[in-house]
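Heads up, the thing below is written out as C-alpha cells.
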Amino acid sequence: MSGGTDKQELRALQAALAAEHAAVYGYGVVGGRIREGRRAEARSAYDAHRARRDALTRRVRDLGGTPVAAAAAYALPFPVPDSGAAVRFATELEERVAGVYSDLVRATGGEQRRSAAEALREAAVRAVRWSGESVAFPGLAERAATAPPSSAPTA
C-alpha cells in the first residue's frame, strides 16, 4: 500500500477501535439492565467486541500507530433504565459498529478487508437479533443518516 493508503487505513482502524471501545462500554450498561433471558446474548456480544477491540489494537500497533484510548465514560444516546431500553441500546450499538466497519471495508484490502467485512456481518446480525428488523445494506443506511464519522463515537 502507498503511504496515503496506509494513513487512510490507519484512520479507519482507529475509528473502528474507538467504536469497539464504545461498544464494550455500552455492553456494560446493557448487561446491567437486560432481562435474565437475554444476558447470555449480551455477554456473547460483549466478548466479541472485546476480542475485536484487542485485534484492532494489535493491528494499529503493527502499522506503527498509537491505538486510540477508550474514554473513561461515554454519553448514552438515551436513558437505559430497563430491559426494553437496553435492547434498543444494544441495537444502536451494533448499527453504529456496522457503520464504522463499512468504512473500514472501503479503506482496506486483502485480509484486513475480509476481517472488516466479517466484523460488519457479525454486527449486522447482532443488530437484527436485538431489534428483530433488518436493513438491505447494513452499515450503509446508518452512515447516510449520520454526520461524517468521528474518531470517538458515542456509545
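Brief remarks on what is shown
- Projected label points at A75 and R88, each 7 Å from Cα along the beta carbon direction, are separated by 1.8 nanometres.
- Between the stretch 86-118 and the stretch 41-79, the Cα center-to-center distance that results, in Å: 12
- Heavy-atom surface analysis with a 1.4 Å probe gives the stretch 1-89 a carbon and sulfur content of 51 percent of its accessible area.
- Sorting the segments 37-45, 60-68, 86-94 by their mean number of nearby beta carbons within 10 angstrom, highest to lowest, gives 86-94, 37-45, 60-68.
- Normalised Debye scattering of the stretch 1-60 at q = 0.12, 0.26 Å⁻¹ gives log10 I(q)/I(0) of -0.37, -0.96, counting only Cα atoms as equal scatterers and leaving out solvent.
The values are calculated or read from the model by the stated rules, or taken from the named source; none is laboratory data. None of these values were measured; they are calculated from a predicted model. In this analysis, Cβ positions are derived from the backbone assuming ideal geometry, glycine residues included, and neighbour counts consider all displayed protein chains. Each accessible area value is taken on the protein alone, full model and side chains, heavy atoms only, with ligands, DNA and RNA left out. Shrake-Rupley method; radii C 1.70, N 1.55, O 1.52, S 1.80 Å.
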